[in-house]
Structures are given as structure tokens and as C-alpha cells.
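The values are calculated or read from the model by the stated rules, or taken from the named source; none is laboratory data. The model shown is predicted, which means the values in this text are computed figures rather than measured ones. Ideal geometry is used to build each Cβ from the backbone, glycine not excepted, and the neighbour counts take in all protein chains shown. Side chains are part of the model used for accessible areas, which takes the heavy atoms of the whole protein and leaves out ligands, DNA and RNA. Shrake-Rupley method; radii C 1.70, N 1.55, O 1.52, S 1.80 Å.
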Amino acid sequence: MRLTIVEYPNKKLREISKEVKVFDAKLHSLLDSMYPIMIDTNGIGLAAIQVAHPIKALILNIPDEEGEQPKENLLELINPVITQQDGETVYQEGCLSVPKFYEDIKRSETLTLNYQDRDGNTQTLEADGLLAIAIQHEMDHLVGILFIDKLSYARRKKFEKEYKRMLKERKSS
Ligand code: QAP
Ligand code: CO
């Protein structure tokens, strides 16, 4: 399956993703195609809506201590639901759909999650650190929320200005 990343300000990113009910070869093919595009673009997380598929599916591959992302560490979360969250943490986030822009975002520090794997089996997961942050970032995509929506009014204005300039420069080169 050939996929391309949908970038802000494309309205597609505002869609609400639908629950996955059928865990078939089509779903597996989408997940299999999301992994290489995430790795090739230096991503650690990617929601299906970012490749124009509005379904509640996302993948994560948090770098290990060596900064590597072996495929064994790949997490595929379908229909995720956070059941517990605690604490507060700030991290400089980015997003493959908002290239070249990074800002500090406040999230819960730890969380517990229910989800389904690619075969529809229910799983639970406890997360902290960068994984917990990434899960919250990717789950926001499932309801049409981007990390830039969480910025203060002033920061958001600064972002819009810089981003517009970047898009313009990109078009002219
Ligand atoms: C979400 O983000 C995330 O601007 C995943 O030029 C971010 O993979 C979770 C990326 C931070 C937790 C913490 C962004 C690659 C990748 C860019 C990403 C870029 C190249 C973002
Ligand atoms: Co993102």
C-alpha cells in the first residue's frame, strides 16, 4: 500500500477516526505500510489518520538507549482507551504532520491503557516516560487534535507565522 503523510493545515487531520471492527488483511497491510514510512521520515509515532486513513489505529517505536528502533519494539495500538493517568510532564514535541516545528507540551506522566492488537486481542499496557507522552500525542490524532492546538495564543500565533513562511519557502524552491 502506498502512503503519504498528510501535513498541516490539511483538514483531513481534523477528522474523528472510527473504531476498528474488522481485523483483516486490509488492516494488516495498512499497519505494515505505516511502519516504513514512519522510519524513513525519522518518526517515533504515527496515527493512521496521518496517512489519510481515519481509523483508530496507531503505531509507536520509541528509540532504545542506543537510539535505535528495532522492529521488535514496534507497538501497534488499535482502539486504545486510557483507563488511568497520573502526574505531569513537559516534553518538546514534534509531529510528522507538522514538519520542522517543536514546542514544549504538558502531558500526564504515567498512564494505563486498554487496546487491541492487530488480531483483535485485548491488551493492557502501563506506560511512562517518552512512551506515555507519545501515546497521548498519537491518541489526540484519533480525535482530530494536534499538539499545536495545545499552545498558548501567543505561541500559536508565532507558530502560524513561522509555518506559513516555511510553506512559502518550500513552494518557491
Ligand atoms: C509524536 O512524532 C511524538 O518535525 C511522534 O521534521 C513527538 O515522530 C511523541 C518528526 C514527541 C512524543 C514526543 C518531526 C520527524 C517526527 C519533524 C514524531 C520532522 C521529522 C515526529
Ligand atoms: Co503527530
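Taken as a whole, the structure places Ala47 among residues that are within 30 Å of Glu160 (Cβ to Cβ), modelled with pLDDT of 95 or more and either charged (D, E, K, R) or within 13 Å of ligand 1 (Cβ to nearest atom) (or both). Quick check on region 84-99: of everything there that is closer than 22 Å to Gly144 by Cβ and either open to solvent by 30 Å² or more (accessible area, probe 1.4 Å) or not in a strand (DSSP E or B) (or both), which residue is farthest from ligand 2 (Cβ to nearest atom)? Once the filter is applied, the top-ranked residue is Gln85. Among the residues of region 110-163, those identified as in contact with a Gly (Cβ under 7 Å, 6 or more places away or on another chain) and within 17 Å of Asn61 (Cα to Cα) are Ala134, His137, Glu138. Just give me the residues in region 35-62 being assigned to a loop (DSSP other than H, G, I, E, B) and open to solvent by 50 Å² or more (accessible area, probe 1.4 Å), in sequence order. Selection gives Thr41, Asn42, Ile44, His53, Lys56. Based on this model, can you work out whether Lys71 counts as more than 11 Å from ligand 1 (Cβ to nearest atom), open to solvent by 60 Å² or more (accessible area, probe 1.4 Å), in contact with a strand residue (DSSP E or B) (Cβ under 9 Å, 6 or more places away or on another chain) and at negative phi? Answer is no for this residue.
When the residues of region 132-162 are filtered to those that are within 13 Å of ligand 1 (Cβ to nearest atom) and outside any helix (DSSP H, G or I), the one that is most open to solvent (accessible area, probe 1.4 Å) is Ile145. All conditions in (1) open to solvent by less than 70 Å² (accessible area, probe 1.4 Å); (2) under 15 Å from the mean Cα position of the chain (by Cα) hold for Gly129, with the sole exception of (2). Pairing each residue of region 121-144 that is over 22 Å from Phe23 (Cα atoms) and of a type in the set (A, V, I, L, M, F, W, C) with any residue that is open to solvent by less than 20 Å² (accessible area, probe 1.4 Å) and within 12 Å of ligand 2 (Cβ to nearest atom), provided the two are 6+ apart or on different chains, yields C-beta distances under 6 Å for Ala127/Ile135; Ala134/Gly45; Ala134/Leu60.
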